[in-house]
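For reference, the structure is listed below as structure tokens.
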Amino acid sequence: MTGPDTATGRSLAKASRRSSLLAEAARLFAQHGYNGVSIEDLGAASGISGPAVYRHFAGKAAVLGALLVGVSRDLLEGGRAVAADGGTPGTVLARLVDFHADFALSHPDVIRIQDRDMDSLSPGDAAEVRRLQRAYIDVWADQLRGLHPGEDRAAARFRAQAVFGLLNSTPHSTHRADADPAARRERLVRMAVAALSAPVG
């Protein structure tokens, strides 16, 4: 006979296995590309058989979808939480830069995958990622409209996306082992804040 504790233990184990699969998928997709990784590869990297992956995901495309939708949702929720703490537009934008810089520096694999493998998402997952990304851009655009009242929303969104390009360049620019990570992060943050603050006339 099984009780609530047994069921809870199984749920936690399943959630842990799912998280492990997503972590290994991020690593493998970043290294080899989505098309270069099989279900068997994902299973082996997580210590299970290929067919056992289907207990957690409908297929490889579902793994990619869960990965990119999940990250997009985390960014939006985190950005909204930063904005909800309040402050002047300049202060909030500085905190948003810190938040996004920490994300970019700690998730280089996900950035590589998003840059390269978005076209492999199912139509539904692609639409959801785009919706979440638009909402995240709007979190920044709202603050930029306060900082630069003379700019319209399209200009604010463009400025935010340009800064994302800067911050998300980290997977391609942080490979030097002799570089100081803290100094590199500080430089990146200063450049991003300057780009957000500078008037465009």
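The values are calculated or read from the model by the stated rules, or taken from the named source; none is laboratory data. Predicted model, so just to flag it, every value in this text is computed and none were measured. A quick note on method: Cβ atoms are made from the backbone with ideal geometry, for glycine too, and the neighbour counts reach across all protein chains shown. Ligands, DNA and RNA are stripped out before the accessible areas are found, and what is left, the full protein with its side chains, is counted by its heavy atoms. Shrake-Rupley method; radii C 1.70, N 1.55, O 1.52, S 1.80 Å.
Would you calculate a helix-derived [θ] at 222 nm for the chain, using -39,500 (n - 2.57) for each DSSP H run of n ≥ 4 and dividing by the full residue count, to the nearest 500?
Working: 9 runs with 150 residues, N = 201.
Value at 222 nm, helices only, nearest 500: -25000 deg cm²/dmol.
Per-residue accessible area (protein heavy atoms, 1.4 Å probe) orders 72, 20 as 20, 72, starting from the largest. In the complete set of protein chains, residue-level accessible area for residue 74 is approximately 100 Å², probe 1.4 angstrom.
Accessible area per residue for region 74-183 is 51 Å², calculated with a 1.4 Å probe on protein heavy atoms, without ligands, DNA or RNA. Computed over all pairs of different Cα atoms, the Kirkwood value for the hydrodynamic radius of the chain is 18.7 Å. Net length available on complete extension from residue 31 to residue 85 is 15.7 nm, with 0.36 nm assigned per residue and the Cα-Cα distance removed.
Expressed as a fraction of 2.2 N^0.38 Å, the rule-of-thumb size for a compact globular protein of N residues, what is the C-alpha radius of gyration of region 14-91? Could the numbers behind the result be given before it?
Values: Rg = 16.2 Å, N = 78, 2.2 N^0.38 = 11.5 Å.
Expressed relative to 2.2 N^0.38 Å, the Cα Rg reads 1.40.
If a spin label sat at a point 7 angstrom from the Cα of residue 131 along the line to its beta carbon, the backbone N atoms of region 49-93 nearer than 18 Å would be those of 62, 65-78, 80. Computed about the Cα centre, the dipole magnitude for the chain is approximately 120 debye when only Lys and Arg (+1) and Asp and Glu (-1) carry charge, each at its Cβ. Among the chymotrypsin sites (Phe, Trp or Tyr not before Pro) in region 40-127, none sits in a DSSP loop with a Cβ that has at most 16 other Cβ atoms within 10 Å. Each of residue 16 and residue 98 was given a label point 7 Å from its Cα along the Cα-to-Cβ line. The distance between the two points is 3.4 nm.
For residue 119 and residue 142, what is the calculated FRET efficiency with R₀ set at 30 Å and r taken between the beta-carbons, to the nearest 0.05? Please report the intermediate quantities before stating the final value.
Values: r = 30 Å, r/R0 = 1.00.
Here the calculated transfer efficiency is 0.50.
3J(HN,Hα) couplings calculated from phi for region 47-52 with the Karplus curve 6.51 cos²θ - 1.76 cosθ + 1.60 (θ = phi - 60°) are, in sequence order, x, 9, 7, x, x, 5 Hz; Gly and Pro show x. Rolled with a 1.4 Å probe across the full set of protein chains, the surface gives residue 191 an accessible area near 90 Å².
Among the chymotrypsin sites (Phe, Trp or Tyr not before Pro) in region 110-158, none is located in a DSSP loop while being surrounded by at most 11 other Cβ atoms within 10 Å of its own Cβ.
Which helices of the chain meet both criteria: a Cα extent of 20 Å or more along the helical axis and a mean Kyte-Doolittle score no lower than 0.5, with helices taken as whole DSSP H segments? Kindly include the intermediate steps, with their values, before the conclusion.
Details: long enough: 4-32 (41 Å, -0.40); 60-84 (36 Å, 0.97); 89-106 (25 Å, 0.70); 123-147 (36 Å, -0.48); 153-167 (21 Å, 0.60); 181-197 (24 Å, 0.18).
Membrane-span-like by this criterion, though nothing is claimed about a membrane: 60-84, 89-106, 153-167.
Taking only protein heavy atoms and a 1.4 Å probe, the accessible area of the chain is 55% carbon and sulfur.
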